[in-house]
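Inspection log for the structure reproduced underneath, given as structure tokens.
Read-outs throughout are calculated quantities, based only on the coordinates presented, and are distinct from any laboratory measurement. What you see is a predicted model, and the numbers here were worked out from it, not measured in a lab. Here the Cβ positions follow ideal geometry from the backbone for every residue, glycine too, while neighbour counts run over all protein chains shown.
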Ligand code: CMC
């Protein structure tokens, strides 16, 4: 028998259907609430509001569980590759070896970008933040592929846009970095796998041979997998809401990238390293910064701590912490910032404020330390997050379109002036 929740208002009682997810998550379906009662719900920051049903990612923040299409993040991060996880997220199933090969071959056919993108790139000031460059390049894809704007394209054509997006993204990421450091761009090399090709475009210099390091490719695969999807987070919700107006996939994902950029979301990885550097410079006085984070009159927050949905350890943070130790050891790097981060974590986890508020390190707390070890500078960290999140955004955009989701358009409770009479400017 279907479950119901009851709402009583103004002497009238209505039954609201309860939706049950495959993992027994419960939600009250309020889609008829306004027409039956005149009421809307108010939920600032959507802390209790589900915006959709989705079969892509399952996340249980209390238990620290994250699964994509049923597969645990632990298995995917240790056994899979980024392209395989991309396929899984976008098409719903793990590929056979033949399907994966075909998918990867298709991506390789679309790594090259139109030469005119170099003119766009040239137009940016050299110190422009690479997130701004990248989101502009992605939305510019609509100009190079105007047919992508048509909301009534066939599935095959939509799939071509998806492949183009995934194929070209690493090229754009690497080029936004080269722009930032003032080095010549490097063209894609399709003899390499997805991650190795990206690393070559990032680090190859015209003056020297590029040395391929499989360890670095492996680590990059892992980091990208850990960011690949995270259900209805701020940037993904943005992608879906932009796409719900039937905007193109490129415009929708560019919108998501801008939502990701902020320091409360994907910008946190850059903010963590900057915070750790600041603490180090200030004599590694960790207690002072813990105190600041707890002070309600101080805007300082412990970056890389806390999460909207994880009220337990972020499973991705556990994997990244282990990987950080591993990578730094293997590369023979001794980064004092890692020791500082570990001490900070230890102290915060014993502090009553962090215990009471269930604030644990999140995925961004350690990711920057690894990126730095790979030679990727802080201003590129959020770009790397976007790179990893790309297949998730694509999968969510595709699901939203295939399910014919309605236009995303929240309501509000108006708190402004009641009707006023207009007064001519000379009489005010
Ligand atoms: N340092 C100090 N206090 C904190 C922190 C923090 N990092 N995070 C939350 N709090 C406090 C906050 O002040 C509030 O206290 P009170 O109840 O007394 O007002 C309480 O904990 C709840 O915080 P909130 O901001 O209402 O909770 P939220 O679920 O909206 O916040 C968050 C989630 C990620 C915005 C927040 O924890 C934060 O600002 N963290 C630092 C930024 C960060 O690391 N972001 C990356 C998130 S992981 C990557 C991703 O998926 O986006």
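In this label model, residue 287 and residue 34 are separated by 5.4 nm, measuring between points 7 Å along each Cα→Cβ vector. Extents of segment 48-197, largest first, come to 46, 37, 36 Å (Cα atoms, principal axes, whole angstrom).
Taking the Cβ of each residue in 162, 20, 337 as the centre, tally the other Cβ atoms inside 10 Å and list the residues starting with the fewest. Please report the intermediate quantities before stating the final value.
Values: 162 21, 20 12, 337 16.
Sorted ascending by nearby Cβ count, the order is 20, 337, 162.
Using the alpha-carbon positions of segment 332-428, Rg (one decimal) and Dmax (whole number) come out as 24.3, 75 Å.
Result for the chain in a Gaussian network model with C-alpha springs under 10 Å: among 251, 228, 323, the largest mean-square fluctuation is at 323. Largest GNM mean-square fluctuation among 108, 287, 321, using the chain with Cα springs under 10 Å: 287.
Ranking of 105, 171, 52 by neighbouring Cβ atoms within 10 Å, starting from the fewest: 105, 52, 171.
Measuring how big segment 200-358 is from its alpha-carbon positions, Rg and Dmax come out at 18.6, 55 Å.
Above 13 angstrom, tally the Cα pairs of segment 322-370 and express them as a % of all pairs, no decimals. More than 13 Å apart: 60 percent of the Cα pairs in segment 322-370. Rounded if a/c is under 1.5, else prolate if a/b is larger than b/c, else oblate: which is segment 252-315, with a ≥ b ≥ c the root eigenvalues of its Cα gyration tensor? It is prolate, given that a/c is not under 1.5 and a/b is the larger ratio.
Principal axis extents of the Cα atoms in segment 56-403, from largest to smallest and rounded to whole angstrom, are 56, 50, 39.
If a/c stays under 1.5 just call it rounded; otherwise compare a/b with b/c (prolate if a/b is bigger, oblate if not). Do that for segment 369-424, with a ≥ b ≥ c from the square roots of the Cα gyration tensor eigenvalues. Present the calculation step by step, with values, prior to reporting the outcome.
Details: a/c = 5.03, a/b = 1.80, b/c = 2.80.
Cα axes put segment 369-424 in the oblate bin.
Using the empirical formula 2.2 N^0.38 Å as the baseline, the Cα radius of gyration of segment 23-70 reaches a ratio of 1.44. Residues 301, 44 in ascending order of nearby Cβ atoms (within 10 Å, fewest first): 44, 301. Taking springs between alpha-carbon atoms closer than 10 angstrom, which of 84, 211, 274 fluctuates most in the Gaussian network model of the chain? Fluctuation is largest for 211.
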